[in-house]
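Taking it in order: structure first as structure tokens, then the write-up.
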Amino acid sequence: MNESRLAGKVALVTGANHGIGAAIARALAAEGARIFVSYLSVPDENQRAGLAASPGEARYNALRGLSANEVLEAVRRDGGEAFALEVDLAEPANIPLLFDAAERELGPVSVLVNNAAYWEADTLLPDDADLYNKLSELWTSQPISTLTVESHDRHFAVNSRAVALMMAEFGRRHITRGADWGRIINISTGGAPGFPSEVSYGASKNALESYSRAAAGEFGKLGITVNIISPGPIQTGWISAELEEHLKKISPLGRIGYPEDIADVVVFLASEQGRWLTGQLLHVGGGHRMY
């Protein structure tokens, strides 16, 4: 069994009321970390029906409306410590408040996982129903709209600005208390280099990757490693049965991914075994993307 060195560590995981974030929180807790999660519940008027539905848009939207209670209960049932705070990371003033809350409940944060994200489908193409329909056929089943100032800013506020501010706050507190060990793991997307039909989402995640590499260079001498995970297709409720069959056929490992596949890599990067990795982008997708 690998020595994780996470016993007693305090881990802050954002966007952890469902899906990848929830799996990360549970996996870190299983390695002995004390868990603080943030989340932002997005209400869905058809939540009950959606949770009962097969994977697809309705189920994913319903999951986004959950609180973090199930995650906290799962960690506590297994003997771990876990607390949560609902907070909108698009508001910069909330970021120090989030760290304050984690420290108040558990102590200083030494593992930071930036998983929270904002997403909507947008395009650089003009407002044209036929073009939108063609995009939907090619890339996404979600409604698409033309890029606006507002759609751009909604993505960048959470997916890049909040991540940068979270890392800066983590570093400031690390220096203030004279710490010499820390881990930051940021969750990106395979579409970060360029994402047709989801242009602002992809671009904001590309900015996250740049901030992460800069942080790795600046934080290394402080004993902090900073790495990025780029997930392949992960079943967080949105992959329909039809899409799953298609993805399985083109996957070298013959299946889609699950949140636990990402969580296991987060545990590795947070552990002693990940000590010599920093500034790296790991594509975790069963060979969906190769270099």
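The values are calculated or read from the model by the stated rules, or taken from the named source; none is laboratory data. Because the structure is predicted, anything quoted here is derived from the model rather than measured. Cβ coordinates were reconstructed from backbone atoms using ideal geometry, including for glycine residues, and neighbour counts include every protein chain displayed. Please note that ligands, DNA and RNA were not included when accessible areas were found on the heavy atoms of the full protein model with its side chains. Shrake-Rupley method; radii C 1.70, N 1.55, O 1.52, S 1.80 Å.
For beta carbons closer than 7 Å, sequence separation of 6+ or different chains, a first residue in region 100-119 that is assigned to a loop (DSSP other than H, G, I, E, B) and a second that is among the hydroxyl-bearing types (Ser, Thr, Tyr), the qualifying pairs are 115/14; 116/14; 116/38; 119/201. Per the conditions (1) hydroxyl-bearing (Ser, Thr, Tyr); (2) closer than 30 Å to residue 244 by Cβ; (3) touching a Gly at 6+ places or on another chain (Cβ under 8 Å); (4) open to solvent by less than 60 Å² (accessible area, probe 1.4 Å), the sole criterion not satisfied by residue 110 is (2).
Within region 78-99, being part of a loop (DSSP other than H, G, I, E, B), in contact with a strand residue (DSSP E or B) (Cβ under 8 Å, 6 or more places away or on another chain) and open to solvent by 70 Å² or more (accessible area, probe 1.4 Å) holds for one residue alone: 81.
Please indicate, with yes or no, whether at least one residue in region 180-198 is in contact with a strand residue (DSSP E or B) (Cβ under 6 Å, 6 or more places away or on another chain) and assigned to a helix (DSSP H, G or I). Among the residues of region 180-198, not one is in contact with a strand residue (DSSP E or B) (Cβ under 6 Å, 6 or more places away or on another chain) and assigned to a helix (DSSP H, G or I), which makes the answer no.
Taken over region 165-187, residues that are under 16 Å from residue 214 (Cα atoms) and among the polar types (S, T, N, Q) amount to 1. How about region 165-201: which of its residues are modelled with pLDDT of 95 or more and either among the polar types (S, T, N, Q) or crowded, with 21+ Cβ neighbours inside 10 Å (or both)? Across region 165-201, the qualifying residues are 166, 167, 170, 174, 176, 182, 183, 184, 185, 186, 187, 188. Restricting attention to region 246-271 and to residues that are within 15 Å of residue 185 (Cα to Cα) and small (Gly, Ala, Ser), the residue that is surrounded by the fewest Cβ atoms within 10 Å (Cβ to Cβ) turns out to be 271. Considering only residues that are open to solvent by 10 Å² or more (accessible area, probe 1.4 Å) and in contact with an Asp or Glu (Cβ under 9 Å, 6 or more places away or on another chain), which ones fall in region 202-231? Of everything in region 202-231, those that are open to solvent by 10 Å² or more (accessible area, probe 1.4 Å) and in contact with an Asp or Glu (Cβ under 9 Å, 6 or more places away or on another chain) turn out to be 222, 223, 231.
When you go through 75, 13 one by one, which is the residue that is modelled with pLDDT of 90 or more, open to solvent by less than 10 Å² (accessible area, probe 1.4 Å) and under 15 Å from the mean Cα position of the chain (by Cα)? After ruling out the rest, the residue left standing is 13.
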